[in-house]
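Enquirer: My structure is below; once you've seen it, I'll send some questions.
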Amino acid sequence: MSRSDVLVSADWAQEHLGDAGLVFVEVDEDTSAYDKGHLEGAVKLDWKTDLQDPLRRDFVDKEQFEQLLSAKGISNDDTVVLYGGNNNWFAAYAYWYFKLYGHDAVKLVDGGRKKWELDSRPLSDAEVTRPATQYTAKEPDTSIRAFRDEVVAAIDTKNLVDVRSPDEFAGKLVAPAHLPQEGAQRPGHIPSAVNVPWSKAANEDGTFKSDEELAALYADAGLDDGKATIAYCRIGERSSHTWFVLHELLGHADVKNYDGSWTEYGSLVGVPIAKGA
Amino acid sequence: MCGAPKQGGALAGIDLSTQTVIQGSVWHDGAPVAGAYVRLLDATDEFTAEVVTSPEGEFRFFAAPGEWKLRSLAPVGRAERVLSAEVGLNETTLAIA
């Protein structure tokens with residue numbers, strides 16, 4: 001696995017729009033972004049209504065994922081090219097789902113929607129429909145998903161990477177600063193976690209930093225190459241961005257995303273919490 | 001929810017006795033800039049959050065009291081401003097030269 005297998009440039013994406021066997025997929029929290037204009041031919045996934053179970057706190061199961069991709073017209077043989085807003089947070093989150101359900105041919109557009117817009121590249125408001133397919137997913141690959149008990153067991157044992165902003169890590173904020181500061185959880189972080197904000201892995205235009213810069217970033221933060229790693233944030237989307245960097249770009253073998261993240265951990269009874277920088 | 005809420009609009013439902021709201025708009029050439037990326041950086045210049053401006057050029061953050069920096073990115077250019085926020089409403093303008 002190398003960078004070119006998992007990441008494509010905006011130039012490449014623009015040249016390959018409409019190619020047979022490629023499906024461009026925009027993933028946003030804010031579906032109005034897609035509706036204002038999207039890459040020509042791209043379909044939309046809503047991270048909340050399409051990717052989350054409507055009742056339980058969990059994401060879509062294998063059957064729901066199969067139904068979703070079938071309805072969107074994505075087949076097992078397609079290469080899925082993901083992009084989105086928020087510096088690709090939610091596109092990286094969807095990327096992780098595709099890998100979890102065994103879809104190997106999936107890539108991210110470097111810089112996502114932001115770089116595309118800052119470059120003033122063309123957007124389309126034409127409605128996109130694709131004929132339905134019969135998509136078959138594999139059983140979920142839990143080697144890339146961490147659950148709460150293994151996170152508690154990982155304290156002082158595995159690498160724990162908290163990718164939230166320094167103020168969230170310190171316990172000063174309980175949510176990213178574009179959201180109201182509310183919620184029942186206790187502020188702080190998991191003991192022994194290092195704070196490497198996701199944003200340090202990205203340039204201002206949303207593109208990923210070079211492999212050399214990324215390797216130095218996590219080495220300087222004290223990540224032990226010989227240990228397994230669990231990344232977390234508040235709800236698991238920013239940590240998908242870091243999971244992508246560590247597992248897909250840098251090729252670390254054992255990296256899990258803890259999608260329960262702080263909203264789960266910070267609400268657990270009796271677990272240890274650390275505060276401060 | 002971690003999604004970017006709609007920017008601008010009324011402050012109804014926001015408790016200004018507890019929230020530290022930083023809001024304002026981005027301007028260029030005498031007109032508001034829609035679709036600009038505005039990021040909030042903390043006192044150490046570390047990224048804290050980013051939003052996209054509304055059709056009226058507005059942005060809004062929920063921060064904490066202290067020193068902050070706002071930086072806007074748009075195809076027409078960039079702007080930056082430092083501000084000191086307190087609990088309640090903190091309003092500012094970013095002008096792209």
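Enquirer: Would you be so kind as to identify which of B:VAL76, B:PHE61, B:GLY88 lies farthest towards the positive end of the dipole of the range B:20-96, taking Lys and Arg as +1 and Asp and Glu as -1 on Cβ and the Cα centre as origin?
Expert: B:VAL76
Enquirer: Using the per-residue mean of other Cβ atoms lying within 10 Å as a proxy for protection, in what order, highest first, do the peptides B:33-45, A:101-113 fall? Present the calculation step by step, with values, prior to reporting the outcome.
Expert: Numbers: B:33-45: 19.5, A:101-113: 21.4.
So the order, starting with the most tightly packed, is A:101-113, B:33-45.
Enquirer: Using every pair of alpha-carbon atoms in the range A:143-265, split the distances into 5 Å bins beginning at 0 and state the percent of pairs per bin, rounded to integers.
Expert: For the range A:143-265, the pair-distance distribution reads 2, 12, 24, 26, 19, 12, 5, 1.
Enquirer: Also: Just add up the charged neighbours of B:ALA79: K/R +1, D/E -1, any other residue whose Cβ is under 15 Å from the Cβ of B:ALA79.
Expert: Here the count lands on 0.
Enquirer: Give the angle, between 0 and 90 degrees and rounded to the nearest 10, that separates the Cα long axis of helix A:62-72 from the longest principal axis of the Cα atoms of chain A.
Expert: Compared with the principal axis, the helix lies near 40 degrees.
Enquirer: Here is a further query. Please tell me the relative contact order of the range B:20-96 in percent, rounded to the nearest whole number, where contacts are Cα pairs under 8 Å and at least six residues apart. Present the calculation step by step, with values, prior to reporting the outcome.
Expert: On the way: 197 pairs, mean separation 30.5, N = 77.
With pairs under 8 Å counted, the relative contact order is 40 percent.
Enquirer: What is the distance in Å between the Cα centres of the range A:109-143 and the range A:1-75?
Expert: Their Cα centres are 3 Å away from one another.
Enquirer: Report the one residue of A:TYR135, A:GLY41, A:TRP12 whose Cα lies farthest in the direction of the positive end of the charge dipole of chain A (charges on C-beta: Lys and Arg +1, Asp and Glu -1; origin at the Cα centre).
Expert: Of the options given, the answer is A:TYR135.
Enquirer: How big is Rg to Rh over chain A, alpha-carbon atoms, Rh as the Kirkwood inverse-mean-distance radius? Intermediate values should be presented prior to the final figure.
Expert: On the way: Rg = 18.2 Å, Rh = 19.1 Å.
My calculation puts Rg/Rh at 0.95.
Enquirer: Determine the shape class of the range B:20-96: with a ≥ b ≥ c the square roots of the Cα gyration tensor eigenvalues, call it rounded for a/c under 1.5, and otherwise prolate if a/b is greater than b/c, oblate otherwise.
Expert: On the way: a/c = 1.99, a/b = 1.57, b/c = 1.26.
Prolate is the answer for the range B:20-96, as a/c is 1.5 or above and a/b outweighs b/c.
Enquirer: Farthest toward the dipole's positive end in the protein assembly as shown, which of A:ALA91, B:GLY24, A:VAL174, given Cβ charges of +1 (Lys, Arg) and -1 (Asp, Glu) about the Cα centre?
Expert: So the residue we want is A:VAL174.
Enquirer: Hey, another quick one. With both partners inside the range A:143-265, how many of the DSSP beta bridges are antiparallel, as a percent to the nearest 5?
Expert: Values: 1 of 11 bridges.
Taking every DSSP beta bridge with both residues in the range A:143-265, the antiparallel ones total about 10 percent.
Enquirer: Could you order A:TRP12, A:TRP198 so the one with the most accessible surface comes first? Probe is 1.4 Å.
Expert: Details: A:TRP12 75, A:TRP198 5 Å².
The ordering from most to least exposed comes out as A:TRP12, A:TRP198.
Enquirer: Under the rule of -39500 (n - 2.57) per DSSP H run of 4 or more residues, summed and divided by the residues of chain A, what mean residue ellipticity at 222 nm is obtained, to the nearest 500 deg cm²/dmol? Could you put the intermediate results ahead of the total?
Expert: On the way: 11 runs with 84 residues, N = 277.
The per-residue figure over chain A is -8000 deg cm²/dmol.
Enquirer: Which of the trypsin sites (Lys or Arg not before Pro) across the range A:178-277 are loop residues per DSSP, with 15 or fewer other Cβ within 10 Å?
Expert: Details: sites: A:LYS200, A:LYS209, A:LYS227, A:ARG234, A:ARG238, A:LYS256, A:LYS275; in loops: A:LYS209, A:LYS227, A:ARG234, A:LYS275.
Qualifying residues, ordered by number: A:LYS227, A:LYS275.
Enquirer: Which residue, A:ASP205, A:ASP162, A:ASP19, has the most motion in a Gaussian network model of chain A that connects Cα atoms within less than 10 Å?
Expert: A:ASP19
Enquirer: Chain A: longest stretch without exposed GluC sites (Glu not before Pro) (DSSP loop, at most 16 other Cβ within 10 Å), sites themselves excluded? It would help to have the intermediate numbers written out before the result.
Expert: Working: sites that count: A:GLU40, A:GLU127, A:GLU182.
The segment A:183-277 is the longest one with no such site.
Enquirer: Which percent of the accessible area of the protein assembly as shown is formed by carbon and sulfur heavy atoms (probe 1.4 angstrom)?
Expert: Numbers: 7490 of 15300 Å².
Carbon-and-sulfur percentage of accessible area, whole number: 49.
Enquirer: Report, to the nearest 10°, how far helix A:211-220 tilts away from the longest principal axis of the Cα atoms in chain A, using its own Cα long axis and a range of 0 to 90°.
Expert: The answer is roughly 20 degrees.
Enquirer: Excluding B:LEU89 itself, what net charge comes from residues whose Cβ is under 14 Å from its Cβ, given Lys and Arg +1 and Asp and Glu -1? Mind dumping the intermediate values first?
Expert: Values: positive: B:ARG60; negative: B:ASP15, B:GLU58, B:GLU86, B:GLU91.
Result for the neighbourhood of B:LEU89: -3.
Enquirer: Then there's this: Over chain A, what relative contact order in percent results from Cα pairs under 8 Å that are six or more residues apart? List each step's numbers first, then the result.
Expert: Numbers: 532 pairs, mean separation 56.3, N = 277.
It rounds to 20 percent for chain A.
Enquirer: Work out the length of the dipole vector of the range A:3-140 about its Cα centre, built from +1 on the beta-carbon of each Lys and Arg and -1 on the beta-carbon of each Asp and Glu, and round it to the nearest 20 debye. Walk me through the numbers before you get to the answer.
Expert: On the way: 16 positive and 26 negative charges, 53 e Å.
In debye, rounded to 20, the range A:3-140 gives about 260.
The values are calculated or read from the model by the stated rules, or taken from the named source; none is laboratory data. All of these numbers come straight from a predicted model, not from anything done at the bench. Positions of Cβ are generated from backbone atoms using ideal geometry, with glycine treated the same way; all protein chains shown enter the neighbour counts. Areas reflect the complete protein model, heavy atoms only, side chains present, ligands, DNA and RNA absent. Shrake-Rupley method; radii C 1.70, N 1.55, O 1.52, S 1.80 Å.
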